[in-house]
Amino acid sequence: NNSKIMPIGGRQMNTKLTKSEKEVMELLWEKGEPLTASEIVKFSAQKDWKPSYIHIMINSLLDKGVIITHNFKKTTKNYARAFIPSLTKDQWIVASIRENYPTKKDVLRLFTTLIEEEKDPDVLDYYAEQLNQRRRTLKFS
(Lines give C-alpha, C1' and ligand atoms only; values in the text may rest on other atoms or scores of the structure.)
Protein backbone atom coordinates (compact mmCIF):
# COMPACT_ATOMS: atom_id res chain seq x y z
CA ASN A 1 0.00 0.00 0.00
CA ASN A 2 1.78 3.12 -1.25
CA SER A 3 -0.86 5.64 -0.17
CA LYS A 4 0.02 9.24 -0.92
CA ILE A 5 -0.10 12.09 1.57
CA MET A 6 -2.57 14.53 0.07
CA PRO A 7 -1.58 18.13 0.75
CA ILE A 8 -4.04 20.98 1.17
CA GLY A 9 -5.27 21.78 -2.31
CA GLY A 10 -5.15 18.10 -3.29
CA ARG A 11 -2.33 18.46 -5.86
CA GLN A 12 0.43 16.01 -6.55
CA MET A 13 3.64 17.38 -5.10
CA ASN A 14 7.38 17.29 -5.57
CA THR A 15 9.15 17.14 -2.22
CA LYS A 16 12.66 17.70 -3.57
CA LEU A 17 13.59 21.19 -2.37
CA THR A 18 16.64 23.39 -2.76
CA LYS A 19 18.43 24.63 0.37
CA SER A 20 16.72 28.03 0.07
CA GLU A 21 13.30 26.42 -0.46
CA LYS A 22 13.83 24.31 2.67
CA GLU A 23 14.66 27.50 4.61
CA VAL A 24 11.37 29.06 3.47
CA MET A 25 9.45 25.92 4.42
CA GLU A 26 11.12 25.79 7.86
CA LEU A 27 10.16 29.42 8.39
CA LEU A 28 6.53 28.82 7.38
CA TRP A 29 6.30 25.76 9.65
CA GLU A 30 7.95 27.62 12.53
CA LYS A 31 5.79 30.76 12.27
CA GLY A 32 2.56 28.80 11.85
CA GLU A 33 0.78 31.68 10.12
CA PRO A 34 0.38 32.91 6.53
CA LEU A 35 3.37 34.99 5.40
CA THR A 36 3.84 37.33 2.45
CA ALA A 37 7.02 37.35 0.37
CA SER A 38 8.29 40.44 2.18
CA GLU A 39 7.56 38.84 5.58
CA ILE A 40 9.47 35.72 4.50
CA VAL A 41 12.49 37.89 3.70
CA LYS A 42 12.06 39.88 6.95
CA PHE A 43 11.93 36.76 9.16
CA SER A 44 14.51 34.78 7.21
CA ALA A 45 18.17 34.45 8.11
CA GLN A 46 18.80 35.28 4.43
CA LYS A 47 18.05 38.99 4.64
CA ASP A 48 19.89 39.55 1.36
CA TRP A 49 17.29 37.73 -0.77
CA LYS A 50 16.23 40.06 -3.57
CA PRO A 51 12.51 40.44 -4.35
CA SER A 52 12.96 38.79 -7.76
CA TYR A 53 14.67 35.77 -6.13
CA ILE A 54 12.01 35.32 -3.45
CA HIS A 55 9.25 35.47 -6.10
CA ILE A 56 10.99 32.83 -8.22
CA MET A 57 11.38 30.66 -5.13
CA ILE A 58 7.73 31.12 -4.09
CA ASN A 59 6.57 30.24 -7.61
CA SER A 60 8.76 27.12 -7.50
CA LEU A 61 7.27 26.09 -4.13
CA LEU A 62 3.76 26.71 -5.51
CA ASP A 63 4.59 24.62 -8.61
CA LYS A 64 5.91 21.83 -6.40
CA GLY A 65 2.64 21.89 -4.44
CA VAL A 66 4.28 22.35 -1.02
CA ILE A 67 2.79 25.81 -0.38
CA ILE A 68 -0.50 27.42 -1.33
CA THR A 69 -1.83 30.96 -1.37
CA HIS A 70 -3.89 31.22 1.81
CA ASN A 71 -5.16 34.79 1.69
CA PHE A 72 -4.16 38.37 0.99
CA LYS A 73 -2.68 40.78 3.53
CA LYS A 74 -2.92 44.54 3.40
CA THR A 75 0.50 46.14 2.97
CA THR A 76 1.33 49.85 2.98
CA LYS A 77 0.18 50.45 -0.61
CA ASN A 78 -1.69 47.34 -1.72
CA TYR A 79 -2.51 43.71 -0.95
CA ALA A 80 0.05 40.89 -1.05
CA ARG A 81 -0.51 37.15 -1.29
CA ALA A 82 0.18 35.28 1.95
CA PHE A 83 1.36 31.68 1.83
CA ILE A 84 1.08 28.61 4.05
CA PRO A 85 2.55 25.11 3.76
CA SER A 86 0.22 22.62 2.10
CA LEU A 87 1.36 19.95 4.54
CA THR A 88 2.98 19.64 7.95
CA LYS A 89 6.70 19.11 8.32
CA ASP A 90 6.09 15.50 9.36
CA GLN A 91 3.92 14.92 6.28
CA TRP A 92 6.65 16.44 4.09
CA ILE A 93 9.27 14.12 5.63
CA VAL A 94 7.04 11.08 5.04
CA ALA A 95 6.34 12.17 1.44
CA SER A 96 10.09 12.68 0.90
CA ILE A 97 10.82 9.20 2.23
CA ARG A 98 8.17 7.74 -0.08
CA GLU A 99 9.75 9.51 -3.06
CA ASN A 100 13.20 8.18 -2.18
CA TYR A 101 12.06 4.71 -1.05
CA PRO A 102 9.28 3.92 -3.54
CA THR A 103 8.80 0.19 -2.89
CA LYS A 104 7.54 -1.61 0.17
CA LYS A 105 10.88 -3.46 0.33
CA ASP A 106 12.77 -0.12 0.39
CA VAL A 107 10.61 1.18 3.23
CA LEU A 108 11.02 -2.04 5.22
CA ARG A 109 14.82 -1.80 4.88
CA LEU A 110 14.70 1.83 6.01
CA PHE A 111 12.69 0.99 9.14
CA THR A 112 14.85 -2.04 9.88
CA THR A 113 17.92 0.20 9.75
CA LEU A 114 16.29 2.82 12.00
CA ILE A 115 15.43 0.15 14.57
CA GLU A 116 18.82 -1.58 14.38
CA GLU A 117 20.71 1.68 14.89
CA GLU A 118 18.55 2.92 17.78
CA LYS A 119 20.33 2.70 21.16
CA ASP A 120 17.71 4.30 23.43
CA PRO A 121 15.30 1.73 24.95
CA ASP A 122 12.70 4.49 25.51
CA VAL A 123 12.66 5.25 21.80
CA LEU A 124 12.30 1.53 20.97
CA ASP A 125 9.42 1.31 23.48
CA TYR A 126 7.81 4.30 21.77
CA TYR A 127 8.14 2.60 18.35
CA ALA A 128 6.57 -0.57 19.76
CA GLU A 129 3.65 1.36 21.29
CA GLN A 130 3.05 3.27 18.04
CA LEU A 131 3.00 -0.01 16.08
CA ASN A 132 0.59 -1.62 18.55
CA GLN A 133 -1.67 1.43 18.46
CA ARG A 134 -1.69 1.35 14.65
CA ARG A 135 -2.56 -2.36 14.65
CA ARG A 136 -5.49 -1.68 17.00
CA THR A 137 -6.69 1.14 14.73
CA LEU A 138 -6.55 -1.12 11.66
CA LYS A 139 -8.52 -3.89 13.42
CA PHE A 140 -11.42 -1.54 14.10
CA SER A 141 -11.56 0.30 10.78
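The values are calculated or read from the model by the stated rules, or taken from the named source; none is laboratory data. Just so it is clear, the model here is predicted, and its values are computed rather than measured. Please note: Cβ atoms are built from the backbone with ideal geometry, for glycine as well, and neighbour counts cover all protein chains shown. Surface accessibility is based on the protein's heavy atoms, side chains included, excluding ligands, DNA and RNA. Shrake-Rupley method; radii C 1.70, N 1.55, O 1.52, S 1.80 Å.
Assorted remarks:
- Sole residue being in contact with a Phe, Trp or Tyr (Cβ under 6 Å, 6 or more places away or on another chain) and over 20 Å from residue 15 (Cβ atoms), chosen from 53, 79, 127: 79
- Flag for residue 69 being in contact with a helix residue (DSSP H, G or I) (Cβ under 8 Å, 6 or more places away or on another chain), at pLDDT 90 or above, open to solvent by 30 Å² or more (accessible area, probe 1.4 Å) and not acidic (Asp, Glu): yes
- Single unsatisfied condition, residue 17 versus (1) part of a helix (DSSP H, G or I); (2) open to solvent by less than 90 Å² (accessible area, probe 1.4 Å): (1)
- Listed by first and then second residue, the pairs linking a residue in the stretch 43-65 that is within 12 Å of residue 83 (Cα to Cα) and part of a loop (DSSP other than H, G, I, E, B) to a residue that is at pLDDT below 95 and open to solvent by 30 Å² or more (accessible area, probe 1.4 Å), with Cβ atoms under 6 Å apart and 6 or more places separating them unless they lie on different chains, are 65/11.
- Among the residues making up the stretch 104-132, those that are open to solvent by 70 Å² or more (accessible area, probe 1.4 Å) and either of a type in the set (Ser, Thr, Tyr) or not in a helix (DSSP H, G or I) (or both) are 119, 126, 127.
- Residue within the stretch 67-74 that is out of contact with any Cys (no Cβ under 9 Å at 6 or more places or on another chain), β-branched (Val, Ile, Thr) and not in a strand (DSSP E or B) present: no
- Of 89, 4, all but one fail to be modelled with pLDDT under 85 and either charged (D, E, K, R) or surrounded by 12 or more Cβ atoms within 10 Å (Cβ to Cβ) (or both); the exception is 4.
- Taking residues in the stretch 12-35 that are at negative phi and at pLDDT below 90, and partners anywhere that are surrounded by 11 or more Cβ atoms within 10 Å (Cβ to Cβ) and of a type in the set (Val, Ile, Thr), the pairs with Cβ atoms closer than 8 Å and at least 6 places apart or on different chains are 13/66; 14/66; 15/66.
- Considering residues of the stretch 36-64 that are modelled with pLDDT under 90 and under 25 Å from residue 96 (Cα atoms) only, the residue surrounded by the fewest Cβ atoms within 10 Å (Cβ to Cβ): 45
- For beta carbons closer than 7 Å, sequence separation of 6+ or different chains, a first residue in the stretch 71-95 that is among the β-branched types (Val, Ile, Thr) and a second that is open to solvent by 60 Å² or more (accessible area, probe 1.4 Å), the qualifying pairs are 84/70.
- Taking the stretch 75-103 as the range and being in a helix (DSSP H, G or I), touching a Pro at 6+ places or on another chain (Cβ under 9 Å) and of a type outside the set (Gly, Ala, Ser) as the test, the residues that pass are 91, 92.
- Of all the residues in the stretch 20-33, those that are open to solvent by 60 Å² or more (accessible area, probe 1.4 Å) and part of a helix (DSSP H, G or I) number 4.
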